[in-house]
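**Student:** Structure provided below as structure tokens; questions to follow.
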Amino acid sequence: MDLLVPSLPTPLLEISDEVILKSGVRLFIKRDDLIHPTVSGNKWRKLKYNLKQAKSEGTTTLLTFGGAFSNHLYATAAAGKYSGFQTIGIVRGEDPGEKKSSTLKFCEAQGMVLHYVSREEYKLRNSDDYINGLKRKFPNTFIIPEGGTSEFALKGVEEMTEEVNQQLGFTPHYYAIAAGTGGTAAGILSSGANVVAFSALKGGDFLETDILNMVEENDSRGQLKLFTEYHFKGYAKYTQELLDFILMFKNNHGIQLEQVYTGKMLFGLYDLIEKGYFKTGDCIVAVHTGGLQGLLAELKQD
Ligand SMILES: *Cc1c(COP(=O)(O)O)cnc(C)c1O
């Protein structure tokens, strides 16, 4: 039974306000947060071809990695349940016992089996030896890298750009993207479009090479500009200034952002627009990559 039916294409909304009008750019929001009730945003896009590959290999179990608040673990647990896979989550850090995050509780409720590993062991998640060990320990299992970011992810993300091209009638000058592992940014670059990426973590400079390494180097690859200073003290951290921006954005445009990824990205994008980074007439598509399951309680108001 496949209940992973998405709402496609997701809406593309043009938004406007004083900052936008003054700058002369056009700003659109690609509402991938509306793609599916539990497998939202870029996680749906990145999982799609991973799951197809897992099916075609005849595997019955998905295994992947994440922290206690990982949107990717959440999405994989739900996607696995909807499409008939068992799921295993390798979780960074000690078993929280009673103090389990709501993300991990949700994962367990979907049937995901959680294995807690030390931070040292978690660091090995991309090493061949470690992966081979996991394959021996969990036979007939399809291993999806952290964030869903694999070769199969890029194809799914490229489909998002095809939707945008159809909706706009042309390729936008830039996509604005929040980056965690950089898989989403890489998929857009490989479609040929340009990306301004905003690191959701502190010290995110490594993302530049990580992202470019995922994309085949050819003439049609888009240009990447990575901004690493809009992390607001680090991954999943935030300041009042960020929360105020998210509330203001919701009031002005009726669109809910969250504090881990999309709030930081749009804050950074507005800062660049105000500073004159873009030219008059530039068309920017900011992708709402979802993640609202992790919305801070104090931002939930309706
Ligand atoms: C996971 C996530 C990202 C980061 O995507 P990457 O492809 O890992 O860079 C961005 N936004 C949201 C809402 C996410 O959940």
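**Student:** Scan the range 70-89 for residues that are in a strand (DSSP E or B) and either without any contact (Cβ under 8 Å) to a residue 40 or more places away in the chain or open to solvent by 40 Å² or more (accessible area, probe 1.4 Å) (or both) and report the count.
**Tutor:** Counting residues in the range 70-89 that are in a strand (DSSP E or B) and either without any contact (Cβ under 8 Å) to a residue 40 or more places away in the chain or open to solvent by 40 Å² or more (accessible area, probe 1.4 Å) (or both) gives 3.
**Student:** Determine if the range 101-109 includes at least one residue that is under 18 Å from Thr61 (Cα atoms), touching a residue at least 24 places away in the same chain (Cβ under 8 Å) and part of a loop (DSSP other than H, G, I, E, B).
**Tutor:** No; the residues of the range 101-109 include none that is under 18 Å from Thr61 (Cα atoms), touching a residue at least 24 places away in the same chain (Cβ under 8 Å) and part of a loop (DSSP other than H, G, I, E, B).
**Student:** Please indicate, with yes or no, whether at least one residue in the range 131-153 is assigned to a strand (DSSP E or B) and open to solvent by 30 Å² or more (accessible area, probe 1.4 Å).
**Tutor:** yes
**Student:** I need a count of the residues in the range 269-302 that are within 13 Å of the ligand (Cβ to nearest atom) and in contact with a strand residue (DSSP E or B) (Cβ under 8 Å, 6 or more places away or on another chain).
**Tutor:** Result for the range 269-302: 4.
**Student:** If you check every pair at least six apart or on different chains, which have Cβ atoms under 9 Å apart with a residue in the range 184-196 that is open to solvent by 10 Å² or more (accessible area, probe 1.4 Å) first and a residue that is among the small types (Gly, Ala, Ser) and assigned to a loop (DSSP other than H, G, I, E, B) second?
**Tutor:** Taking only residues 6 or more apart or on different chains, the pairs are Ser190/Ser220; Ser190/Gly222; Ser191/Ser220; Ser191/Gly222; Gly192/Ser220; Gly192/Gly222; Asn194/Gly222.
**Student:** Within the range 169-187, identify whether any single residue is more than 12 Å from the ligand (Cβ to nearest atom), farther than 22 Å from Ala77 by Cβ, small (Gly, Ala, Ser) and not in a loop (DSSP other than H, G, I, E, B), and answer yes or no.
**Tutor:** Scanning the range 169-187 turns up no residue that is more than 12 Å from the ligand (Cβ to nearest atom), farther than 22 Å from Ala77 by Cβ, small (Gly, Ala, Ser) and not in a loop (DSSP other than H, G, I, E, B).
**Student:** Tally the residues that are of a type outside the set (A, V, I, L, M, F, W, C) and in contact with a Ser or Thr (Cβ under 9 Å, 6 or more places away or on another chain), restricting the search to the range 121-138.
**Tutor:** Number of matching residues: 1.
**Student:** Can you name every residue in the range 1-32 that is outside any loop (DSSP other than H, G, I, E, B) and open to solvent by 20 Å² or more (accessible area, probe 1.4 Å)?
**Tutor:** Leu12, Leu13, Glu14, Glu18, Val19, Leu21, Lys22, Ser23, Arg26
**Student:** State all residues of the range 231-253 that are under 15 Å from Ala179 (Cα atoms) and open to solvent by less than 30 Å² (accessible area, probe 1.4 Å); if no residue qualifies, say none.
**Tutor:** Phe232, Gly234
**Student:** A further question follows. Do you know which residues across the range 253-291 are more than 22 Å from Lys43 (Cβ to Cβ), among the hydroxyl-bearing types (Ser, Thr, Tyr) and outside any loop (DSSP other than H, G, I, E, B)?
**Tutor:** Tyr270
**Student:** Same structure, new question: Every residue in the range 61-90 that is within 16 Å of the ligand (Cβ to nearest atom) and small (Gly, Ala, Ser), please.
**Tutor:** Residues satisfying the conditions are Gly66, Gly67, Ala68, Ser70, Ala75, Ala77, Ala78, Ala79, Gly89.
The values are calculated or read from the model by the stated rules, or taken from the named source; none is laboratory data. Computed from a predicted structure; not experimentally measured. So basically every Cβ, Gly included, is an ideal-geometry build from the backbone, and we count neighbours across all protein chains shown. With ligands, DNA and RNA removed, areas are computed over all heavy atoms of the protein, side chains included. Shrake-Rupley method; radii C 1.70, N 1.55, O 1.52, S 1.80 Å.
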